[in-house]
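One structure is given below, encoded as structure tokens.
The values are calculated or read from the model by the stated rules, or taken from the named source; none is laboratory data. The structure displayed is predicted, hence computed values, not measured ones. All Cβ positions, glycine included, derive from the backbone under ideal geometry; neighbour counts span all protein chains shown.
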Amino acid sequence: MAPRRSSIRFSTGLLAAAACLAGGILVVSAAPEGEPQVKGAQVPNVVAPRVGAKSIPVPVAGQSPARMTLPVMSAERLAAFEEAAARGLDYLPGQVLVKFKPGVNRAGQQRALQALRSRPDASVLEWIGDDLALLKDTVQPDAGILSDQLAAQPEVAYAQPNYLMEIHATPNDPSYSARQWNLRAINMQRAWDIAPGGSNSVIVAVIDSGVTTVAAQNVNTFTWNGSAIVQFAMPIGLSPDFDASRFVSPRDFTISPSSPSTLVVDTDSHGTHVAGTVGENTNNNVALAGIAYNTRIMPLKACMSYWDRQFARSAAGTPGFTTGTTTLCSSDSVVAAFRFAADNGANVINYSAGSNSPNTAARDAIAYAISKGVFIAISNGNDATDGNEPSYPAYYAPDFNGMMSVAATGQTNQHAIYSTTNDHTEISAPGGDNSVGDVVWQASILSTDSIIGSTIFPRFDRYSERGKQGTSMASPHVAGIAALIASRGITNPAAIEAILRQTARDLGATGKDVQFGHGLVQPFYALFGQGIRR
Amino acid sequence: MRLMISAVVFAAATAVASPSLAQGTGSSSSTRPPSSSQAKPAKPKVPRPPLEYRAFFLVDASMMAASQSFKAVAGSSTMFGYGAGGEIHNLWKKLFMRVAFASASREGERVFINGTDVIPSGFPVDLGIRTVELGGGWRMPLTNRPVALYAGGGLLFTKYTETNSSAVALPEDDVAMSVTGYSVQGGLDMKMGKRFTVGVEAQYRIVPDALGGNGVSALFAEDNLNAFVIRGMVGVRFGKN
């Protein structure tokens, strides 16, 4: 497989490219002028040891630990990400996800692995769930060749590169007046008359860049100051618009898909923004409103920011800045997160990322989650103005009753200019369209605290209202509404999809179309039901 | 337009009831052709049957063609209704005309549909079908029996309603629409003493384009309010007959 440059997946490629050219700045939005920033809760100082320390107790959500560590990935894993970024690959080099056919035993697995030049032992396979394994080949970096060789073996059901997916959002900084038009556009107020915030028995897993679930003022962290690796005390904190009690079973799969950390820190802002739309605290006189604000959030970090990689690089003792500024979600982490959510009581999953490469492992994980009774909302892709290629795994949505691929609309219910148009589009929700000044506002990490290229010592404990656009922002609307439906006792994912599809307001061409799918999601009618004629 | 058509039909029917247009139906008692030299015998005058008026109460059981939609929302595809009407018999020979009003209603619940599963939402909705019939037909009395068969048809002016009573509903969530259709019917009635009648009738109503578009009827591709109706009637006769 020829090295392939990942396409810029942000909703407006030109904006993202311009931001990168202007000094590698990824996050360009900031708190609106005059907007007071809100500081996270204060806790006693803690000391975070370097990578590899395993004896440090890891806090659970909402508790103030006496000692904690900021988990970082291994040097080997970091190297794979940096090499992928340096070579413009959309997969981690030398890594494949392989699924063996049912009944293939260890001997069969070993025989299949002999097809590779490195002839690895089956014991090196890292298992994600019962039937999917991650193979890291140190001899052949081209994961396409590895997967082709493995896929040709009779014992193998499929093999694929460990693809990297990108989040489907673009940071923005629009006018204050645009805030929360998104909830009015779908008449959320009426839906809350029926299901005010949903039930705390419903769990929404947000597979993303994480949502910080614990506050700590001085987490010892390593970074590069331009001339040396330095240690600094990094503050982290919860969003003031999320109570710690709202979080359940946080996990960080970017550190290790098979052995995730229970400490989750969002160093990007995307995950917090997405979770905010799903259901940040509402009617609390803080920041903005979320849709399912009484449900619980399961923050599953599967997407790794620039800062995650930088901290790991410095912690490993490697001088310099990490390569690439894009937040990336590796398939192994994503697959592990889907399976974890399904196995740990999630009713709804939101996943706002994707790539242009087919991803059978992700498809299998989706099928697994749906089979466990989980409804999935997934971003449709932001490539309408950038080749309009389909986005995976959103592309698989029509194959499942229980997963919906969500396109984005703007303030006048117009198709957002960037929102991918394809047969896999199933439903629409507000995602913003900055070409006409619309963005979706939620509380998230204060952008000026972690500007790539100019910030040396970032902090992730201060929050502001931030505007973003993308199908990333549209998808959590559907996830939140699905959580409200689940709160009313309808938890069958196929039923939730049917309800959302049947009650959507048809936009564009009559019936299902490639721009809007079945139309704009209508939360009130998705809860109110249908009569014979209306 | 349909109102105009119905008005024209009604006017025409009224016109044929005019005595000047009444025609005898009796045949000559002679089988021989009349001789050209003989004076043509006067045709025996058959008395025109007197007009008869009836008023009746009715009870309908309507089996809706949109059965899946009605079963999903109302739990049954049968709507029961009641009403009243009036008829004029012997307008011309055995022609009769009818005007009737019927109202059917049923309590239901808003639902979600997932394949073959019907999932109740918990919010009530009342269904209503009110129909004005304007029609007529031909009566065929059975000899020496107080029973008459009849067949006919007519225009239907139907108002279909869905009314939501829950606190979260707004008027815009209700449905109130008027549609025009037509019907064919046949039945029999029997005189009960001098003034009373009872009857039973089978009616098929065709009311196109009343449903579909939205709601569960769109999901089931049921777009009409067609119905097979069994009607029972109790009436009172007026007139000289």
Given the structure, is A:Ala443 within 30 Å of A:Ala216 (Cα to Cα), small (Gly, Ala, Ser), touching a residue at least 24 places away in the same chain (Cβ under 8 Å) and out of contact with any Asp or Glu (no Cβ under 8 Å at 6 or more places or on another chain)? no
Of the residues A:Ser258, A:Ser201, A:Ser249, only one is in a loop (DSSP other than H, G, I, E, B) and in contact with a Phe, Trp or Tyr (Cβ under 7 Å, 6 or more places away or on another chain); which? A:Ser258
How about the range A:146-186: which of its residues are in contact with a His (Cβ under 9 Å, 6 or more places away or on another chain), modelled with pLDDT of 80 or more and not aliphatic (A, V, I, L, M)? A:Asn182
For the subset of the range A:426-442 comprising residues that are of a type outside the set (A, V, I, L, M, F, W, C) and within 19 Å of the chain's Cα centre (by Cα), which member is nearest to A:Pro390 (Cα to Cα)? A:Ser428
Sort through A:Ala408, A:Ala483 and tell me the only one that's in contact (Cβ under 8 Å) with a residue 40 or more places away in the chain and in contact with a Pro (Cβ under 8 Å, 6 or more places away or on another chain). A:Ala408
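Each row is one residue, and each column tells you yes or no for (1) modelled with pLDDT of 95 or more; (2) within 11 Å of the chain's Cα centre (by Cα); (3) away from every other protein chain (no Cβ under 12 Å).
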{"site": "B:Gly136", "(1), (2), (3)": "yes, yes, yes"}
{"site": "B:Leu149", "(1), (2), (3)": "yes, no, yes"}
{"site": "B:Leu156", "(1), (2), (3)": "yes, yes, yes"}
{"site": "B:Tyr160", "(1), (2), (3)": "yes, no, no"}
{"site": "B:Asn164", "(1), (2), (3)": "yes, no, no"}
{"site": "B:Val175", "(1), (2), (3)": "yes, no, no"}
{"site": "B:Thr180", "(1), (2), (3)": "yes, no, yes"}
{"site": "B:Gly186", "(1), (2), (3)": "yes, yes, yes"}
Picked from the range B:191-241 (must be within 14 Å of chain A (Cβ to nearest Cβ) and polar (S, T, N, Q)), the residue farthest from the chain's Cα centre (by Cα) is B:Asn214
Looking for whichever is more than 30 Å from A:Ala482 (Cα to Cα) and of a type outside the set (Asp, Glu) here; the options are B:Val118, B:Val125, B:Val132, B:Val111. Which one fits? B:Val132
Going through (1) over 30 Å from A:Ala408 (Cβ atoms); (2) in contact (Cβ under 8 Å) with a residue 24 or more places away in the chain one by one, A:Asn187 fails only at (1)
Here is a list: A:Gly198, A:Gly210. Which entry is crowded, with 24+ Cβ neighbours inside 10 Å and in contact with a Gly (Cβ under 6 Å, 6 or more places away or on another chain)? A:Gly210
Could we say that A:Leu300 is under 20 Å from A:Val214 (Cα atoms), surrounded by 24 or more Cβ atoms within 10 Å (Cβ to Cβ) and modelled with pLDDT under 95 here? no
Out of (1) more than 15 Å from A:Gly129 (Cβ to Cβ); (2) without any contact (Cβ under 8 Å) to a residue 60 or more places away in the chain; (3) within 18 Å of the chain's Cα centre (by Cα), the odd one out for A:Leu328 is which? (2)
Residue count, the range B:104-133, condition among the basic types (Lys, Arg), away from chain A (no Cβ under 11 Å) and closer than 14 Å to B:Gly75 by Cα, comes to 0
Just checking, which of A:Thr385, A:Thr420 is over 21 Å from A:Arg505 (Cβ atoms) and assigned to a loop (DSSP other than H, G, I, E, B)? A:Thr385
Restricting the range B:88-131 to residues that are over 26 Å from A:Phe400 (Cβ atoms) and of a type in the set (Ser, Thr, Tyr), the one surrounded by the fewest Cβ atoms within 10 Å (Cβ to Cβ) turns out to be B:Ser103
Top-ranked residue of the range A:303-353 - restricted to ones that are buried (at least 24 other Cβ atoms within 10 Å of the Cβ) and basic (Lys, Arg), ranked as farthest from A:Ser379 (Cα to Cα): A:Arg313
Is at least one residue of the range A:460-475 of a type in the set (A, V, I, L, M, F, W, C) and farther than 27 Å from A:Ala346 by Cβ? no
Could you list, in sequence order, the residues of the range A:475-534 that are touching a Phe, Trp or Tyr at 6+ places or on another chain (Cβ under 9 Å), of a type in the set (A, V, I, L, M), more than 9 Å from chain B (Cβ to nearest Cβ) and part of a loop (DSSP other than H, G, I, E, B)? A:Ala504, A:Leu507, A:Ala509
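Conditions tested, residue by residue: (1) within 14 Å of chain A (Cβ to nearest Cβ); (2) within 16 Å of B:Val198 (Cβ to Cβ); (3) in a strand (DSSP E or B); (4) without any contact (Cβ under 8 Å) to a residue 40 or more places away in the chain.
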residue	(1), (2), (3), (4)
B:Pro49	no, no, no, no
B:Arg54	no, yes, yes, no
B:Asp60	no, yes, yes, no
B:Met63	no, no, yes, no
B:Ser69	yes, no, no, no
B:Ala72	yes, no, no, no
B:Phe80	no, no, yes, yes
B:Ala84	no, yes, yes, yes
B:Trp92	no, no, no, no
Hey, any hits in the range A:84-102 for a residue that's more than 21 Å from the chain's Cα centre (by Cα) and in a helix (DSSP H, G or I)? yes
Residues of the range A:449-502 satisfying the condition of being over 22 Å from the mean Cα position of the chain (by Cα), at pLDDT 95 or above and at positive phi: A:Gly489
